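Peer 1: The structure under discussion is supplied below as C-alpha cells; questions concerning it will follow.
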Amino acid sequence: MNKLITLLTIILCCNLPLGAQESEEMPLGMTMPIDSLLNDWKTKNNLIYDTDCTNSAVIPQFSDSVYIDRLQRMPTIMEMPYNSIVREYIDRYAVKLRNQVSVMLAANNFYMPLFEEALDAYDLPLELKYLPIIESALKPTARSRAGALGLWQFMLKTGRLYGLESNSLVDDRLDPIKATWAAARYLREMYDIYQDWHLVIAAYNCGPGNVNKAIRRAGGATDYWSIYNYLPRETRGYVPAFIAANYIMTYYCHHNICPMNTEIIPPTDTLQISKELHLQQVADLCDITIDELKSLNPQYKRNIIPGNTKPYTLRLPQTKISTFIDNQDTIYNHRATELFKNRKTVAVSNKITPTVGKGTLSYHTIRSGETLSTIAQRYGVKVSQLKDWNGLSSNRIRAGKKLKIYK
C-alpha cells in the first residue's frame, strides 16, 4: 500500500499523463493515415477487403433518439451518455474515418483477447479495450509528436514508472503485451483514486494533475461533464471520442461499414535469449522474414536483442521454436562480425605523424609582436599549417611559447 501511495504521489506531483495526443482537436488514433495503418498491418497479417462485403457509398443518418437507445443497450459498466459532442465524434468515425474503422475492426480481432485478459485480471471494465483505438488506432508502432509510443501511447517517464524498459536498443512501450499489462495497472490505480471511470480516462490523457486542477476550478465537482470546460482542450474530446469508439465498434454494421478480413498469424511461443542476437541472424537461418520477426518483437528498436546484459524474450512462430533450439550455436555465430560492428577493444597508437608531408622539424620561439601570419610568411608556410601542427584552435599566440615548424 505504501508503495502504491508513493507511486501515485510521484505521478500526481510530476503531472505525468500516460498518453500524449498528436492534435489538440482530435486524438492521434483518430488522425492516423489509412495508408500507414494498412502498411503496418500487412507486415503482420494478410489484410484484404472482404469480397462479400464492401463499405457502402450510402451513409445512413440516424436521429438522436436512436443513438441514445443504442448506447444504453451496450452491456457496459462505464456510463455511455449521449450529447451533441458525442454525436460529433460518432459522425467522424461513421463518415470521415470509416475506412480507418474497417482496418481497426480487423486489428480488433488480433488485439482484443490480449486487452481483455489484462483488463479482466485487474477487474476493469472490458469496454476499456477500445481505449487504444483513440490512442493509436491499434497501430503498435504509433508515435505522437510529444513522444508517446505504442498501442497505449506511453510517455517515456510514465512507462518507466510502470516497469517498461526504454533504452537505445529496447523499448517495451512497443511491446503489445508488456504495454497492455502496464496500462491495466495504471488504470486500476487511477480508479482507486477517482472512483469515476470518465475521470480515470481523462487522467490517462492529460495526467491526474490536470484533472485535479479542473476539479478545483469547478468548485470540487467530480463529474467529467461538470469539469469539461476546465480541462485541457484535447482532453475535452477524449471521453466523447471514447464513447464514440465503443459505439462504432459495436454498431458498425448499422453504418454500412465493412470490416477488413485478416488471416491471424499462427500460434507463437517465446524463448529466453542470454546472448547478443540480431533478428537478421534468426531470419537467415530459421526461414522467417525479418518483417515478421520485427512484427513479433517490436520492442527491439535496432533489431538487436542485448541478451549479454540480461535475459530477453524472443517471440517466434511455434513451428520455428525447435529450429532455433537445434541450431542456436550456428545462429549466434552467423554473420556476427558483420552485424555487430561495435568494437570490444581498440589499440591506441603512440606514433605521431605530421599532417602535411615529410620534412625537418624545427622550433620557433614566439617573440613579442609576432603573429601567426608573420611567422608563416617567414618560414614560407600557411597559417592553417601552423595551427594544425601545433593544435591551435585560434590565431592567438603568446610570446615565449614555441611553435613546431616542418620545412
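Peer 1: Can you find a residue that is over 28 Å from residue 152 (Cα atoms) and polar (S, T, N, Q) anywhere in the range 290-304?
Peer 2: No, the range 290-304 contains no residue that is over 28 Å from residue 152 (Cα atoms) and polar (S, T, N, Q).
Peer 1: Check whether at least one residue in the range 139-161 is outside the structural domain of residue 291 (by TED's automatic domain parsing), within 16 Å of residue 235 (Cα to Cα) and among the β-branched types (Val, Ile, Thr), and report yes or no.
Peer 2: Scanning the range 139-161 turns up no residue that is outside the structural domain of residue 291 (by TED's automatic domain parsing), within 16 Å of residue 235 (Cα to Cα) and among the β-branched types (Val, Ile, Thr).
Peer 1: Within the range 287-387, which helices (runs of 4 or more DSSP H) (wholly inside it) include 1 or more residues that are at pLDDT 90 or above, more than 30 Å from residue 268 (Cα to Cα) and not acidic (Asp, Glu)?
Peer 2: Helices (runs of 4 or more DSSP H) meeting the threshold: 372-379.
Peer 1: Follow-up question, since we're still on this one. Scan the range 188-197 and give yes if some residue there is of a type in the set (Phe, Trp, Tyr), touching a residue at least 24 places away in the same chain (Cβ under 8 Å) and outside any helix (DSSP H, G or I), otherwise no.
Peer 2: no
Peer 1: If residue 87 satisfies every condition in (1) farther than 29 Å from residue 149 by Cβ; (2) modelled with pLDDT under 95; (3) part of a helix (DSSP H, G or I) but one, which is the exception?
Peer 2: The failed condition is (2).
Peer 1: Tally time: how many residues in the range 390-407 are within 11 Å of residue 364 (Cβ to Cβ), surrounded by fewer than 15 Cβ atoms within 10 Å (Cβ to Cβ) and either of a type in the set (Gly, Ala, Ser) or out of contact with any strand residue (DSSP E or B) (no Cβ under 7 Å at 6 or more places or on another chain) (or both)?
Peer 2: The qualifying residues number 1.
Peer 1: In a helix (DSSP H, G or I) and either free of Cβ contacts under 8 Å to residues at least 12 places away in the same chain or surrounded by 24 or more Cβ atoms within 10 Å (Cβ to Cβ) (or both): does that describe residue 164?
Peer 2: Here the answer is no, as residue 164 does not meet what is asked.
Peer 1: Separate question: Output the number of residues of the range 123-140 satisfying the condition of being touching a residue at least 60 places away in the same chain (Cβ under 8 Å), under 14 Å from residue 105 (Cβ atoms) and in a helix (DSSP H, G or I).
Peer 2: Counting residues in the range 123-140 that are touching a residue at least 60 places away in the same chain (Cβ under 8 Å), under 14 Å from residue 105 (Cβ atoms) and in a helix (DSSP H, G or I) gives 3.
Peer 1: Going through the range 295-316 one residue at a time, which ones are out of contact with any strand residue (DSSP E or B) (no Cβ under 7 Å at 6 or more places or on another chain) and either free of Cβ contacts under 8 Å to residues at least 60 places away in the same chain or crowded, with 20+ Cβ neighbours inside 10 Å (or both)?
Peer 2: Answer for the range 295-316, where residues must be out of contact with any strand residue (DSSP E or B) (no Cβ under 7 Å at 6 or more places or on another chain) and either free of Cβ contacts under 8 Å to residues at least 60 places away in the same chain or crowded, with 20+ Cβ neighbours inside 10 Å (or both): 298, 309, 310.
Peer 1: Return yes when residue 210 is polar (S, T, N, Q), surrounded by 24 or more Cβ atoms within 10 Å (Cβ to Cβ) and assigned to a helix (DSSP H, G or I) and no when it is not.
Peer 2: No.
Peer 1: Working only within the range 273-294, note down all residues that are over 14 Å from residue 330 (Cα atoms), among the acidic types (Asp, Glu) and surrounded by 15 or more Cβ atoms within 10 Å (Cβ to Cβ).
Peer 2: Answer for the range 273-294, where residues must be over 14 Å from residue 330 (Cα atoms), among the acidic types (Asp, Glu) and surrounded by 15 or more Cβ atoms within 10 Å (Cβ to Cβ): just 292.
The values are calculated or read from the model by the stated rules, or taken from the named source; none is laboratory data. Because the structure is a prediction, the values reported are computed rather than measured. Here Cβ is always computed from backbone atoms with ideal geometry, including for glycine, and neighbour counts include all displayed protein chains.
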